[in-house]
Each structure stands twice: as C-alpha cells, then as structure tokens.
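Have a look at the structure below, then the notes.
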Amino acid sequence: MKDIKDLDLKELEEILTGWGERPFHARQIFAWVYKKGVTDFDVMSDLPSDLRLRLKGNFYILSLNLIKRIKSYDGTEKFLFELKDNNSIEAVIIPTEKRITGCISTQVGCKFACRFCASGMLGFKRNLTNPEMLEEVLYLKNNSLGKKLTHIVFMGIGEPLDNYDNVVKAIRIINSPHTFNIGARRITISTSGIIPAIKKLSGEGLQIELSVSLHAADDNIRSRLMPVNKIYPLKDLITACREYISKTNRQLTFEYVLIKDINSGLQNALKLSKILMSLNCKVNLIPCNIIKELKAQPPEKSEILLFRDYLLKSGINVTLRRPRGEDIEAACGQLRLHYEKE
Ligand code: SAH
C-alpha cells in the first residue's frame with residue numbers, strides 16, 4: 001500500500017494508463033483528495049466502481065493521526081499529529097484579517113539546536129516525506145473553518161532546506177492548480193542559513209518567499225545562538241543572500257528573534273543595519289516566545305521599539321511580529337516537546 005499523495009498528477013496518470021484506465025481519472029481523484037478533502041475512495045462517485053476498488057487495494061489517502069488540537073484566545077490553532085511510525089509533529093493555523101496561514105513541519109525534530117528553539121531539544125529523528133507534508137496542508141485546509149487557506153509557511157519543526165528534495169516537491173504540488181492552487185508568492189521557506197541549499201534554491205525557478213533566520217549581526221553572538229553559524233558564518237551567509245536576491249530578483253526577509261540581554265541592544269541594531277545596508281530585504285523582528293526549559297526571555301517593550309526605530313531610521317524595511325498563540329505553546333516544537341516528555 002502506498003500513499004496516493006506521493007504521486008504528482010503525471011505519475012498518477014501513468015499508473016492509471018498502466019492499469020488500462022483512462023488517464024483523465026487522475027484529475028478527478030486529485031479534485032476529490034485536494035479540493036473536496038475526501039478521505040475515502042468509496043465516496044468518489046464519478047469513478048467506475050472497479051477503479052475505486054483497485055485504488056483502495058493499492059493506495060491510502062491519510063497517514064496522520066490527530067492526537068491533540070488546541071486553540072488560542074487569538075484564534076491561532078495548533079494540531080499535534082502522530083505519524084505511522086509513532087513519531088509526532090505539529091502544524092499551526094494562524095488567522096489574521098486578510099489571510100489564513102498554515103505553518104507546517106518539515107522534519108521530526110531538528111539537527112540544528114538553536115538555543116532558543118524547542119524543536120531541536122529532542123534531537124533529530126527523520127525527514128518528513130512529501131505526502132506527510134501535503135497531508136499537514138490538507139488537514140489545515142479542511143479545518144480552517146470554511147475559510148480558504150491562503151498562505152503556507154515552512155516554519156514548523158525542522159529545517160526545510162535540510163530536507164530539500166521533499167520540500168521542493170511538496171511546494172510544486174501545493175502550487176499546482178489541480179491541488180491547493182496556492183500561489184508560489186504565498187509560500188515561504190524559512191531557513192537557519194544552509195548556504196549550499198540557498199544557492200540551489202535560487203536556480204529552481206520558484207517564485208517563493210525566502211526567510212533567513214539571522215538573529216544576530218556578529219559571528220560571536222550568532223554562533224552562541226545558532227551552532228550552524230560555525231559551519232556557515234555570517235559573512236558567507238550574507239553573500240549567499242545577496243546572490244540569491246540578484247539571481248531571483250526577489251526581496252528576502254531576515255528573521256530576528258529578540259532575546260533579552262543577548263541580541264536586543266542598540267549596539268546590535270547598529271551592527272545589523274550595517275550588514276544589511278544596500279540589500280533588497282526586509283527585517284521581521286520577533287520577540288522570543290518563552291520556553292521554560294530554555295533561558296531565553298523577550299526584552300521589554302521599550303527596548304523592542306528602540307531596536308525597531310533604529311532600523312527604520314537607518315532606512316531598513318522592518319516589521320514587528322505580534323506574538324501569536326503564546327498560551328498554546330505555538331512556537332516551533334513546543335507542543336511536541338511537552339507531549340513527548342509527558
Ligand atoms: N529551521 C528553520 C525553520 C523553522 S523555525 C529556521 O530556522 O528558520 C521558524 C522560525 O521560528 C525561525 O526564525 C526560528 O528562529 C523561530 N523560533 C524558534 N524558536 C522561537 C522562539 N522561542 N521564539 C520566537 N521564535 C522562535
């Protein structure tokens with residue numbers, strides 16, 4: 001038995017042809033699965049009954065098992081899933097006035113062990129497969145309270161560029177008019193800064209948004225916060241970002257999690273404005289979510305505003321992200337962390 005979501009349209013058409021069926025049934029099956037959210041081949045009423053039977057004997061549609069669903073006072077909703085091998089992952093729906101964003105995980109755990117992030121605390125188990133990621137999207141779509149899922153961000157557990165092939169395949173399917181039809185510009189990959197993968201991504205011809213988790217403007221602080229900086233240091237990372245921007249002709253976003261007494265002083269803002277000078281970029285400031293196992297605390301509001309205003313005065317395009325879903329442990333990997341420790 002195989003997960004039917006592992007196939008793109010062409011691959012399913014080829015299988016149907018091999019079975020002596022007409023290939024256009026693939027489009028019907030895609031519409032049932034991705035557009036109507038149907039999870040049982042028996043319901044696919046426009047397919048011949050022997051085809052339905054054959055599909056049932058060869059494929060399954062769902063592999064994730066929902067084990068917990070919690071909603072924040074601000075509307076953010078978090079889902080904890082169990083995978084077929086008993087591992088667990090999380091996905092989140094973040095509604096705002098204009099958009100409904102689905103945030104999905106790309107790996108079980110994470111290798112990169114950023115100091116302020118819960119995702120790496122239990123180590124790395126494995127990559128998520130392409131159909132597992134598609135199923136996260138499917139689940140969020142079917143549970144977005146009748147509203148259209150407008151955006152997808154690869155910002156859940158894991159490092160998307162460390163699961164490169166599966167993530168790129170999933171993006172192409174999410175983008176397809178036969179499935180979710182979510183425009184590439186509404187899909188964001190967030191990376192801790194894996195330089196070779198950033199280079200490769202720039203050649204994919206995908207019009208997606210790229211966010212780079214910077215979190216510090218000098219190597220000392222960044223290496224302390226993000227061990228990956230010892231392999232891909234700041235200077236090289238900024239050069240790779242500059243090349244990405246010029247090759248794709250797209251603006252890039254830098255995420256900067258503000259942590260009290262670590263990277264939130266004016267001297268840090270000054271360094272940041274210097275390294276980003278003349279780059280076509282935007283900075284997204286994120287006061288860190290408190291994770292009780294880790295010592296990171298967000299700065300005072302006044303310090304956050306001073307930091308933002310300094311960047312603004314330096315001519316840098318900057319937004320301050322409102323923390324979402326704090327009461328439901330919506331920051332990367334928090335829910336799974338506490339579930340697996342229970
Ligand atoms: N591995 C990727 C994507 C997953 S994390 C990356 O590093 O970008 C998505 C974003 O959430 C990253 O910017 C990450 O640094 C941030 N994040 C992790 N823990 C956080 C916390 N406690 N508070 C605020 N943001 C956090």
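The values are calculated or read from the model by the stated rules, or taken from the named source; none is laboratory data. Since the structure is predicted, the reported quantities are computational estimates derived from the model, not experimental observations. Don't worry about glycine lacking a Cβ; one is built from the backbone with ideal geometry, like all the others, and counts go over all protein chains shown. Protein only, heavy atoms only, side chains kept; ligands, DNA and RNA dropped before computing areas. Shrake-Rupley method; radii C 1.70, N 1.55, O 1.52, S 1.80 Å.
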Within segment 116-124, does at least one residue satisfy the condition of being of a type in the set (Gly, Ala, Ser), open to solvent by less than 30 Å² (accessible area, probe 1.4 Å), at pLDDT 95 or above and within 13 Å of the ligand (Cβ to nearest atom)?
no
Here are the criteria: (1) within 13 Å of the ligand (Cβ to nearest atom); (2) polar (S, T, N, Q); (3) closer than 19 Å to Asp162 by Cα. Tell me which single one Ser88 does not satisfy.
(1)
Determine whether Ile157 is crowded, with 19+ Cβ neighbours inside 10 Å and in a loop (DSSP other than H, G, I, E, B).
yes
Has segment 57-80 got at least one residue that is over 30 Å from Ser119 (Cα atoms) and out of contact with any helix residue (DSSP H, G or I) (no Cβ under 9 Å at 6 or more places or on another chain)?
yes
Would you say Lys147 is over 30 Å from Asn249 (Cβ atoms), open to solvent by 20 Å² or more (accessible area, probe 1.4 Å) and within 15 Å of the ligand (Cβ to nearest atom)?
no
Residue check, Leu279 within 15 Å of the ligand (Cβ to nearest atom), of a type outside the set (Asp, Glu) and either in contact with an Asp or Glu (Cβ under 7 Å, 6 or more places away or on another chain) or open to solvent by less than 50 Å² (accessible area, probe 1.4 Å) (or both)
no
Which listed residue is outside any loop (DSSP other than H, G, I, E, B) and either on the phi < 0 side of the Ramachandran plot or not assigned by TED's automatic domain parsing to the domain that holds Asp6 (or both), from Arg126, Arg115:
Arg126
What's the number of the only condition in (1) without any contact (Cβ under 8 Å) to a residue 24 or more places away in the chain; (2) out of contact with any His (no Cβ under 8 Å at 6 or more places or on another chain) that Leu47 fails to meet?
(2)
Just give me the residues in segment 91-110 being open to solvent by 10 Å² or more (accessible area, probe 1.4 Å), within 18 Å of Leu149 (Cβ to Cβ) and not aliphatic (A, V, I, L, M), in sequence order.
Pro95, Thr96, Glu97, Lys98, Arg99, Thr101, Cys103
Cβ-Cβ distance below 6 Å, separation of 6 or more or different chains: which pairs start in segment 227-250 with a residue that is without any contact (Cβ under 8 Å) to a residue 24 or more places away in the chain and end on one that is surrounded by fewer than 19 Cβ atoms within 10 Å (Cβ to Cβ) and not aliphatic (A, V, I, L, M)?
Lys230/Ser223; Pro233/Asp219
Within segment 302-318, does at least one residue satisfy the condition of being at pLDDT below 95, surrounded by fewer than 16 Cβ atoms within 10 Å (Cβ to Cβ) and either within 28 Å of Thr106 (Cβ to Cβ) or assigned by TED's automatic domain parsing to the domain that holds Arg115 (or both)?
no
